[in-house]
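Remarks on the structure that follows.
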There are 2 protein chains.
Amino acid sequence: DRSGLGVVYRAHSMMTFETNQVQGLEAIKEKIATLPFQELKHRIATLDAHPSGESGSIIVLITGQLLIDGGEHPQKYSQCFHLIPEGGTYYVLNDIFRLIYDA
Amino acid sequence: DRSGLGVVYRAHSMMTFETNQVQGLEAIKEKIATLPFQELKHRIATLDAHPSGESGSIIVLITGQLLIDGGEHPQKYSQCFHLIPEGGTYYVLNDIFRLIYDA
């Protein structure tokens, strides 16, 4: 169930999923809701985070594998987040996602 | 020749190269100078950039392949940059680099 994922984005957030770039909470929720798979498991291989600037924001780079709809062939991916502190937690200002294809 | 690469970093910049995280211009220059290869060619497969915040900064996610020292076996990688505008150009506040290994 991905319907709750939109809560970590804000009105000025931007998301790139493969070649699709959308901005705004409603556009991001719509994009997430219409991704072409039902069940997704993430296997995170690496996660590196940097503080970024004096505002307390964080840059995160994740690499890992997706298991889509119970399939047996994991798909490698990379994802970058820019997280902004707000009210004791963080929201996602930027989310860039790319699959890694074999050559 | 990578000796000039340090100019795009600043004193408060941070770089992660695989499991090594360093901060500061001198530490980054030292890290770049001691990377364990002499010649490196990048083949960029994807490059996505987002504006990030009101300051004009940019988040970039790159995926691609490295060709190391003329070797025939490209190595997939992912790299995230946080670029800050300064004097008509940008410097690198954050640089996170990870190789993508086959499962």
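The values are calculated or read from the model by the stated rules, or taken from the named source; none is laboratory data. Bear in mind that the values here come from a model prediction, so they are computed numbers and not experimental data. When we count neighbours, we look across all protein chains shown, and the Cβ atoms used for this are built from the backbone with ideal geometry, even at glycine. We work out accessible area using only protein heavy atoms, side chains counted, and drop any ligands, DNA or RNA first. Shrake-Rupley method; radii C 1.70, N 1.55, O 1.52, S 1.80 Å.
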* Could you say which residue among A:Gln65, A:Gln21, A:Gln79 is open to solvent by 40 Å² or more (accessible area, probe 1.4 Å), assigned to a strand (DSSP E or B) and within 10 Å of chain B (Cβ to nearest Cβ)? -> A:Gln21
* To do: Pick out the one residue from A:Ala27, A:Ala11 that is assigned to a strand (DSSP E or B), more than 11 Å from every other protein chain (Cβ to nearest Cβ) and either open to solvent by 30 Å² or more (accessible area, probe 1.4 Å) or out of contact with any Phe, Trp or Tyr (no Cβ under 9 Å at 6 or more places or on another chain) (or both).
  => A:Ala11
* To do: List every residue pair whose Cβ atoms sit under 7 Å apart, with the two residues 6 or more apart in sequence or on different chains, where the first one lies in the stretch B:15-30 and is more than 24 Å from A:Ile62 (Cβ to Cβ) and the second, anywhere, is open to solvent by less than 100 Å² (accessible area, probe 1.4 Å).
  => B:Gly24/B:Ala11; B:Leu25/B:Gly6; B:Leu25/B:Tyr9; B:Leu25/B:Arg10; B:Leu25/B:Ala11; B:Leu25/B:Ser13; B:Lys29/B:Gly6
* Residues in the stretch B:68-76: is at least one open to solvent by less than 80 Å² (accessible area, probe 1.4 Å), of a type in the set (Gly, Ala, Ser) and on the phi > 0 side of the Ramachandran plot? -> yes
* Structure fact -> Flagged in the stretch A:85-103 as part of a strand (DSSP E or B) and either open to solvent by less than 30 Å² (accessible area, probe 1.4 Å) or of a type in the set (Lys, Arg) (or both), in numbering order, are A:Tyr91, A:Val92, A:Leu93, A:Asn94, A:Asp95, A:Ile96, A:Phe97, A:Arg98
